[in-house]
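Worksheet: one structure, shown below.
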Amino acid sequence: MSSAAAPRSTRELDRSRIVRRGLAILGHAIAVQPRSFAVAVGGAALYGGATVGSAVVFGEVTDRVILPAFRDGEMAAGTLVLAAAAIMSVALAKCVGIVGRRVGASYMQYKLQVAYRRKVTEQYQRLPLSWHRTQSTGALLSNANADVEAAFWPLAPLPFSAGVVLMLFITAGLLIATDWLLALVGFLVFPAIGIINVFYNRAVAQPATSAQQYRADVSEVAHESFDGALVVKTLGREAAETERFRARSEQLRDELIQFGRVRAIFDPLMEALPNIGVLAVLLIGTARISSGSLTAGDLVQVAFLFTLLAFPVRAIGWVLSDLPRSVAGWERIQRVLRAGEGFRYGRTADTGGTGAAAVAVREVSYRYDDADEPILRGLSFSTTPGRVIAVVGATGSGKSTIASLLVRLADPTEGRVELDGHDLRSLAHGVLPRSAAMVFQHSFLFDDTIRSNITLGEDGAPGEDGAPGEDGARFDDVAVRAAARLAQADGFIEALPSGYDTVIGERGTSLSGGQRQRIALARALVRRPRLLILDDATSSVDTEVEAAILEGLKGAALPSTIVVVAYRQATIALADEIVFVEAGRVRACGTHAALLATEPAYAHLVTAYERDAAELAGARRAAVETGPGR
């Protein structure tokens, strides 16, 4: 289990750098989605203009409709209709502006989120397993979800803040045109709001960015606990895992509470200042009305404008306050997108081989990124097409690494792996998976039907010559059942309540380990690979079933060369040829009988299980013979 690290990079972000980086992210987003941004800004500008226009309308209605009605004691129907029409017009313009702004901003934000989720997940698929081994699953999930959302979160208020800048200038112009003394009050309130906003952004930067890191930490711990539920329960570690999750959750809680405290201090101030300005305007305005310098309608207009004065600044503040979180999310995404190159592919679209594949490993060395010494050293061997090859060696000798190299889950540090004489690195994307399949010791099954787990969604009627049909289908029911029979899985599948349509639960938890392995084997066999690699793929199957599987594979009309990573002598004996690996090198090649006779190390290794079993049986017999009463 990995322990989540406390936030580091997010706390080190310089405030000025946050603003620069945040504005650069926003600029990138606008460049990618200019039309959506234009629609959103246009809607926000219309809303801002209509909002200020409503102040003018209310002022005119006060002077031309309401006050004359009080003075004269009557009101003309036409005047009332015109006043209502003016109010309804600005209200309608505001509605249109709101719809345009929200639709444009939402489309822009979600479009970019979709694009970057795809970029991140595609990068995950390109990056080698050596990179994935250094990452926690929780962090990977956070990068593809929470970090992408955070990176583009400011896009929701961005068009609004850009559009209401127009509202700010119009408001300032109307204040000056209406009364310079009242405008002076506004120009004192406006900088005060701006200064408070600056302090707010500084205070909120640290808890906002730290919370983003803690979200990833919580996700990581939760995923580890759920994924390791069997280990946690069987070893009685529920309390420890609960404590670990509680600690990370409380760290996230503390940062979010700190964020809330900052908002609790600044939000009332931001709300109060415009209202204080309105009170000042009313006090000064009544005196100006008494002196005849101002009309009641002008005072209503100015007071209404003051209630709007904080709005543009607040909208800009929403963007600025979200920038730290956006920068933190963006940089976490970029660490993934810049995490080295994935596999490079060549242009060879077809190996030219037919039937079983010819495989050759030539002077291959391989070292894991975090290892001091290579696991493979100048390893070489080749296979005869159509034969069963067993790779045998002690634990840590490099057997599974060889299997991974054969299907290009990794590239050799030195040397080359060939399929039909072609270096795997020269093959175009998708060529190798059409020719080779690998079954692992730990089989992964999806929460779906057995049929879907075998076909991986490519079930249905195939096209001509087994090619995918119009709907992408490759495997019909006949092919699925044939693969299951070959994997010795058809019997137990038919005994299930719904047969091949039985839903087996997440990771196939409703099945035994051996049943899961056989379904995984059927998944590989239904594709009729020219190269089939079994990496301890029958380790959970009893020896009789395993022997039936291997004998069936040898006798089936499969166009396959089979490479088996094995440790059981019964399995090894079924192979046509043995590649004996020791300390990352090929120690010897030959038949099982020949190596038993000529290689003491090989004989000692493959007979160890039977030898230990015999010794244990002898010890038990001796204990019985010398026990009490003897």
Worksheet item: Within segment 35-66, restricting attention to residues that are over 20 Å from Thr171 (Cα atoms) and of a type in the set (A, V, I, L, M), which residue is surrounded by the fewest Cβ atoms within 10 Å (Cβ to Cβ)?
Response: Ala38
Item to complete: Would you tally the residues in segment 155-176 being at pLDDT below 75 and either among the aliphatic types (A, V, I, L, M) or farther than 30 Å from Met108 by Cα (or both)?
Response: 9
Worksheet entry | Val262 vs. criteria in a helix (DSSP H, G or I), under 23 Å from Glu506 (Cα atoms) and at pLDDT 75 or above | no
Item to complete: Within segment 446-457, identify whether any single residue is surrounded by fewer than 19 Cβ atoms within 10 Å (Cβ to Cβ), at pLDDT below 85 and part of a helix (DSSP H, G or I), and answer yes or no.
Response: no
Worksheet item: Which of (1) over 30 Å from Phe58 (Cβ atoms); (2) modelled with pLDDT under 75; (3) surrounded by fewer than 14 Cβ atoms within 10 Å (Cβ to Cβ) is the odd one out, the single condition Pro191 does not satisfy?
Response: (1)
Fill in: Looking only at segment 11-26, and only at residues there that are over 16 Å from Val148 (Cα atoms) and not hydrophobic (A, V, I, L, M, F, W, C), the one that is modelled with the highest pLDDT
Arg20
Discussion item. I'd like to verify a number: residues in segment 277-298 that are within 60 Å of the chain's Cα centre (by Cα) and free of Cβ contacts under 8 Å to residues at least 60 places away in the same chain, how many?
Written reply: 4
Response to the item:
In segment 527-568, anything among the basic types (Lys, Arg) and either at pLDDT 75 or above or under 20 Å from Val478 (Cα atoms) (or both) is listed as Arg527, Arg528, Arg530, Arg568
Discussion item. Can you say whether Glu599 is in contact (Cβ under 8 Å) with a residue 60 or more places away in the chain, acidic (Asp, Glu) and more than 22 Å from Ser443 (Cβ to Cβ), as far as the supplied structure shows?
Written reply: no
Practice prompt. Please verify whether segment 357-364 includes one or more residues that are over 26 Å from the mean Cα position of the chain (by Cα), without any contact (Cβ under 8 Å) to a residue 60 or more places away in the chain and either in a helix (DSSP H, G or I) or over 27 Å from His592 (Cα atoms) (or both).
Written response: no
Practice prompt. Could you grab me the full set of residues in segment 221-268 that are surrounded by 14 or more Cβ atoms within 10 Å (Cβ to Cβ), farther than 27 Å from Leu445 by Cβ and hydroxyl-bearing (Ser, Thr, Tyr)?
Written response: Ser249
Item to complete: For Ala69, state whether it is closer than 18 Å to Gly59 by Cα, assigned to a helix (DSSP H, G or I) and of a type in the set (Gly, Ala, Ser).
Response: yes
Worksheet item: Looking at segment 499-511, is at least one residue without any contact (Cβ under 8 Å) to a residue 60 or more places away in the chain and within 22 Å of Ala547 (Cα to Cα)?
Response: no
Practice prompt. Output the number of residues of segment 543-576 satisfying the condition of being part of a loop (DSSP other than H, G, I, E, B) and not aliphatic (A, V, I, L, M).
Written response: 5
Worksheet item: For Arg527, all conditions in the list (1) over 20 Å from Val407 (Cα atoms); (2) touching a Pro at 6+ places or on another chain (Cβ under 9 Å); (3) charged (D, E, K, R) hold save one; what is the number of the exception?
Response: (1)
Worksheet item: Considering Ile533, Ile549, Ile493, which residue is buried (at least 23 other Cβ atoms within 10 Å of the Cβ), farther than 27 Å from Gly386 by Cβ and out of contact with any Lys or Arg (no Cβ under 7 Å at 6 or more places or on another chain)?
Response: Ile493
Discussion item. Can you tell me which of (1) assigned to a helix (DSSP H, G or I); (2) under 30 Å from the mean Cα position of the chain (by Cα) is the one Ser510 doesn't meet?
Written reply: (1)
Practice prompt. Give the residue that is surrounded by the fewest Cβ atoms within 10 Å (Cβ to Cβ), with candidates limited to residues of segment 379-397 that are under 38 Å from the mean Cα position of the chain (by Cα) and under 11 Å from Val361 (Cβ atoms).
Written response: Leu379
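The values are calculated or read from the model by the stated rules, or taken from the named source; none is laboratory data. The model shown is predicted, which means the values in this text are computed figures rather than measured ones. A quick note on method: Cβ atoms are made from the backbone with ideal geometry, for glycine too, and the neighbour counts reach across all protein chains shown.
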